[in-house]
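The values are calculated or read from the model by the stated rules, or taken from the named source; none is laboratory data. Predicted, not measured: the structure shown is a model, and the values here were computed from it. So basically every Cβ, Gly included, is an ideal-geometry build from the backbone, and we count neighbours across all protein chains shown. Note: accessible area is taken over every heavy atom of the protein model, side chains too, but ligands, DNA and RNA are not part of it. Shrake-Rupley method; radii C 1.70, N 1.55, O 1.52, S 1.80 Å.
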Amino acid sequence: MFDAVEGIKFGYVLCGIIWAIALGFAAGNYACSLVHRLPRGRLLLDKKPYCGNCGTLLEVRDLFPVVSALMLRHRCRYCKTPFPVSHTWTEILVGLLFVLGFLEYNFSEQMLLIVTIGVFLITLAAIQANEGMIMGKIILCIIIFGTLYRTLEDHTIYNFFLGGLNGLVLGALIWRKQIKPVGHIFILPDPAVLMTTGALCVGAKALPWFLVLYASFYAVDWIIRKLFHVLKPPLITVSFGLATILPVLYPKLILVMHF
């Protein structure tokens, strides 16, 4: 792990981490706009950043990732209405993702594609947490960048295609009773779509471990909610996101697990 920065002077690594945090927070701040606007059918660039409650345009001092939210105690400066704490967590998680990506791949094509996949995974989970919905547009973005990453990493589309096909078949078998026919098309349920998407990203070789991680994270989430008497069901996008990003971010770890 962290082979990309091994042998590099500590000062350079520290500067890289600082840059990664800054870029990650900025990307996380943009992801928060996706979380708020996409479920409401708003275009990303149709209006400058604004309060989702009172509609007031936000000033520069309101837009510093993490810092502004903490200083305002997660309330709008103008109408004092609380905004979701998940926005801050989104920025923090994306910042952490960028740091891990830098330490593992330095600033490279692999790092760029992996963190992009991760940003959309976090966005998908945040939208489900806030709005209770799983957005197909975000899943499509994950598939696109997952395809680019697998092609770059494997130098072939075979692993990507076979992984997706296996994930599709497994998902259709597991959730076959929830498949809905619409005309001449069969619509897969969300869990099956997520399984197929994750399989596309990790590829055929890492698919077994993706399934193990997927089930394990979901079980842990379910147990924690039971212990703390949380009534809401587990967020399937959280376990899916973790099971997808770990084999992509640390493929060597998956290879070690094979032995």
If you go through the stretch 65-100 one residue at a time, how many are open to solvent by less than 60 Å² (accessible area, probe 1.4 Å) and more than 15 Å from A31 (Cβ to Cβ)? 8
Pairs needed: first member in the stretch 87-111, among the polar types (S, T, N, Q); second member anywhere, not in a helix (DSSP H, G or I); C-beta distance under 7 Å; at least 6 residues apart or different chains. T88/V66; T88/H74
Considering only residues that are of a type in the set (F, W, Y) and under 9 Å from L200 (Cα atoms), look in the stretch 154-169 and name the one that is surrounded by the fewest Cβ atoms within 10 Å (Cβ to Cβ). F161
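Considering only residues that are under 16 Å from G24 (Cβ atoms) and either of a type in the set (A, V, I, L, M, F, W, C) or surrounded by fewer than 19 Cβ atoms within 10 Å (Cβ to Cβ) (or both), which ones fall in the stretch 111-124? Write out each step before concluding.
Taking the stretch 111-124 and keeping what is under 16 Å from G24 (Cβ atoms), we get 111-123.
Hits for the stretch 111-124 are M111, L112, L113, I114, V115, I117, V119, F120, L121, I122.
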Name the residue that is farthest from F64 (Cα to Cα), counting only residues in the stretch 3-24 that are surrounded by 14 or more Cβ atoms within 10 Å (Cβ to Cβ) and of a type outside the set (A, V, I, L, M). G16
When the stretch 37-64 is examined, which residues are found to be touching a residue at least 40 places away in the same chain (Cβ under 8 Å) and crowded, with 17+ Cβ neighbours inside 10 Å? L38
Take the stretch 13-31 and flag every residue that is of a type in the set (G, A, S), closer than 23 Å to S86 by Cα and more than 14 Å from the chain's Cα centre (by Cα). A20, A22, A26
Can you tell me which condition L173 does not meet? The list is (1) open to solvent by 60 Å² or more (accessible area, probe 1.4 Å); (2) touching a residue at least 24 places away in the same chain (Cβ under 8 Å), and all the others hold. (2)
